[in-house]
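Dropping the structure in here first, questions after.
The values are calculated or read from the model by the stated rules, or taken from the named source; none is laboratory data. Keep in mind that what you see is a predicted model, and the values were worked out from it rather than measured. All Cβ positions, even for glycine, are placed from backbone atoms using ideal geometry, and neighbour counts span all protein chains on display. To get the accessible areas, we keep the full protein, side chains included, count just its heavy atoms, and leave off ligands, DNA and RNA. Shrake-Rupley method; radii C 1.70, N 1.55, O 1.52, S 1.80 Å.
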2 protein chains.
Amino acid sequence: MPQPPAPRRTAGRPARISREEIIRTASRIVSEDGVDRLTMRRLATEVGSTPMALYHHVRDKEELLVLLLDDYADRSLHRPEPPPADPRERILTAAVAIHDVLAACPWIVEVLTADDLLSASALWFVEQIVAGLADCGLTLEQAVHGYRAIWYFTAGEILVRATSARRRATDDRPTYRDRVFAGLDPAELPHLSRIAPRWAPLTAQDTYEQGLRALLDGLLDQAPG
Amino acid sequence: MPQPPAPRRTAGRPARISREEIIRTASRIVSEDGVDRLTMRRLATEVGSTPMALYHHVRDKEELLVLLLDDYADRSLHRPEPPPADPRERILTAAVAIHDVLAACPWIVEVLTADDLLSASALWFVEQIVAGLADCGLTLEQAVHGYRAIWYFTAGEILVRATSARRRATDDRPTYRDRVFAGLDPAELPHLSRIAPRWAPLTAQDTYEQGLRALLDGLLDQAPG
DNA sequence: ACCTGAACACCGTTCAAGT
DNA sequence: ACCTGAACACCGTTCAAGT
């Protein structure tokens with residue numbers, strides 16, 4: 001499994017802090033206090049060093065965050081044993097696995113959009129999805145596009161839900177959405193007006209898998225026959 | 001159309017700067033130099049005032065960003081005239097309109113996840129989607145869930161694409177993705193290895209509408225008959 | 001090669017006071 | 001009611017120097 005190259009340590013002064021120690025400590029800070037509280041300065045003092053020492057092991061804060069997400073995914077993503085025989089179920093299982101792991105750590109939001117792939121250990125799940133789509137009759141190109149669609153849906157669900165959840169937690173005042181929904185004009189927006197009182201509970205429901213199934217159904221219809 | 005309440009101006013000292021002026025100037029800064037360069041201090045000097053004067057017209061920076069997105073959507077979202085007669089096409093048209101407007105302003109990323117609705121003027125488009133889904137035979141509940149699925153997909157596509165585009169622009173060094181894809185094991189990840197050389201151009205293609213159609217097909221299959 | 005101290009160039013926001 | 005000055009409590013990162 002390819003990992004980002006650690007700085008070579010050939011000769012000279014022995015290292016006092018290691019990349020692993022940095023990542024381990026950063027993970028603890030994030031899980032205890034949230035990403036917002038992870039600063040280079042605090043991280044430095046908690047590993048018993050100075051801010052600048054960190055920059056010897058990590059290019060900058062953004063790289064640190066990517067490494068953190070990577071480390072988390074490596075520890076949390078578990079392959080289903082055995083993988084389902086049906087390709088359609090294999091796709092669903094893989095997508096749900098990625099989704100659930102990411103949805104469980106809300107701090108991901110800042111990092112998630114940084115690139116369209118996660119850790120090396122996540123690639124196995126991507127392979128399952130692409131392979132499953134191909135097994136269902138899509139061309140390899142269509143399968144890649146299909147994977148991307150699933151990824152967009154998954155990332156969007158996590159980002160939108162994570163942020164609105166954080167909002168609800170931090171904020172007691174009514175959201176902008178609440179204010180807008182309170183003043184709907186039934187003549188212009190009949191459906192929204194009718195559903196307005198049920199909007200909040202409805203959108204609080206977890207419909208990821210349901211939406212995923214719909215998307216997958218639609219994608220598989222592209223296959224000939 | 002409900003708007004967030006502006007601070008009442010009844011008596012006392014006449015206002016030197018207005019909320020509109022703040023939003024107008026902030027929009028200009030963002031469009032010229034990007035969101036990152038929008039600071040309360042700079043905004044203050046550009047409207048010819050002090051940082052603290054801004055806080056009299058706007059609760060905090062986050063509210064300012066939401067107001068900015070709102071203002072942008074109000075100016076940019078145009079209703080199709082006439083709306084397509086076919087409900088399926090009406091849904092697609094509305095979703096694509098929202099997508100295209102948001103995709104055109106990459107700074108949105110920071111704000112987009114803040115809530116699951118945009119400006120009041122976007123509600124008309126939400127209504128079109130919910131109404132179209134209901135017209136195709138979904139229950140109102142199913143239609144709301146369907147709208148959410150479309151929104152997740154749309155938001156995810158914009159967020160992921162906007163960030164990877166920004167990455168490509170800022171960064172010359174190969175991305176993490178490139179490094180990972182260069183070292184794939186064909187035995188363990190056969191499909192990914194085979195498609196690796198074509199991955200970058202494939203995922204650079206705009207497949208939003210194609211994915212949206214697949215998702216919509218899948219959603220409409222939920223309707224009885 | 002690895003680490004440190006001091007500094008640079010900033011942030012958003014609060015507070016107390018002015019008119 | 002609206003605005004100001006000064007300060008608080010921070011940031012990430014660069015630079016030059018130490019061992």
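Between A:SER18 and B:ASP60, how many nm apart are label points set 7 Å from Cα along the C-beta direction?
That separation, rounded to one decimal, is 4.0 nm.
Next question, about the same structure. What is the Cα centroid distance between the range B:56-86 and the range B:25-43, reported in whole angstrom?
17 Å
Could you give, in nm with one decimal, how far A:ARG24 is from each other copy of that position, shortest first, with labels 7 Å out from Cα toward Cβ?
Label-point separations across copies, in nm and ascending: 5.9.
In nm, one decimal, shortest first: how far is the label point of B:ASP36 (7 Å from Cα along Cα to beta carbon) from the matching points in the other copies?
2.2
Further question: Probe of 1.4 angstrom, ligands and nucleic acids ignored: what's the accessible area per residue over the protein assembly as shown, in square angstrom?
48 Å²
For the protein assembly as shown, what is the mean residue ellipticity at 222 nm derived from helices alone (per DSSP H run of n ≥ 4: -39500 (n - 2.57); sum divided by total residues; nearest 500 deg cm²/dmol)?
Roughly -20500 deg cm²/dmol at 222 nm, from the helical runs in the protein assembly as shown.
Can you list the copy-to-copy distances for A:ALA200, using a point 7 angstrom from Cα toward Cβ, in nanometres, shortest first?
Between copies, matching label points for A:ALA200 lie 4.9 nm apart.
Also, quick follow-up: What's the average, rounded to a whole number, of partner chain beta-carbon atoms within 10 Å of each residue's beta-carbon in A:206-215?
6
With a ≥ b ≥ c the root eigenvalues of the C-alpha gyration tensor of the protein assembly as shown, is it rounded (a/c under 1.5), prolate (a/b larger than b/c) or oblate?
oblate
Identify the trypsin sites (Lys or Arg not before Pro) of the range A:38-121 meeting these criteria: DSSP loop state and at most 16 other C-beta atoms within 10 Å of the C-beta.
A:ARG59
Averaging over all projection directions, find the projected area of the Cα convex hull of chain A and quote it in nm² with one decimal place.
Projected area, direction-averaged: 17.3 nm².
Within 10 Å of each Cβ in peptide B:126-139, how many partner chain Cβ atoms are there on average? Round it to a whole number, please.
For this peptide, the per-residue mean of nearby foreign Cβ atoms is 2.
For the pair A:ARG198 and A:ASP36, how long in nm is the line joining their label points, each one 7 Å along Cα→Cβ?
Simple spin-label model gives 3.5 nm for this pair.
Under DSSP H, which helices of chain A have Cα atoms covering 30 Å or more of the helix axis and a Kyte-Doolittle average no less than 0.5?
none
Could you work out the mean count of beta carbons from other protein chains within 10 Å of each residue's beta carbon in A:159-165?
5
As an exercise, use a Förster radius of 35 Å and the Cβ-Cβ distance of B:LEU140 and A:GLU89 to find the FRET efficiency, rounded to the nearest 0.05.
0.70
Let me ask something else about it. For the pair A:ALA182/A:ASP71, report the inter-label distance in nm, with labels modelled 7 Å from Cα in the Cβ direction.
4.5 nm
What is the ratio of the Cα radius of gyration of the range A:76-160 to 2.2 N^0.38 Å, with N the residue count, to two decimals?
The value comes to 1.06.
Sticking with this structure for a sec: Under 13 Å from the Cβ of B:GLU46, count the other residues' Cβ atoms, weight Lys and Arg +1, Asp and Glu -1, and hand me the total.
Spelling it out: positives minus negatives among the neighbours equals +2.
Under the definition of Cα pairs under 8 Å and six or more residues apart, what whole-number percent is the relative contact order of the range B:82-220?
Rounded, it is 28 percent for the range B:82-220.
Right, here's the next one. To the nearest 10 square angstrom, how much accessible area does B:MET52 have with a 1.4 angstrom probe?
In the full protein context, B:MET52 sits at about 130 Å².
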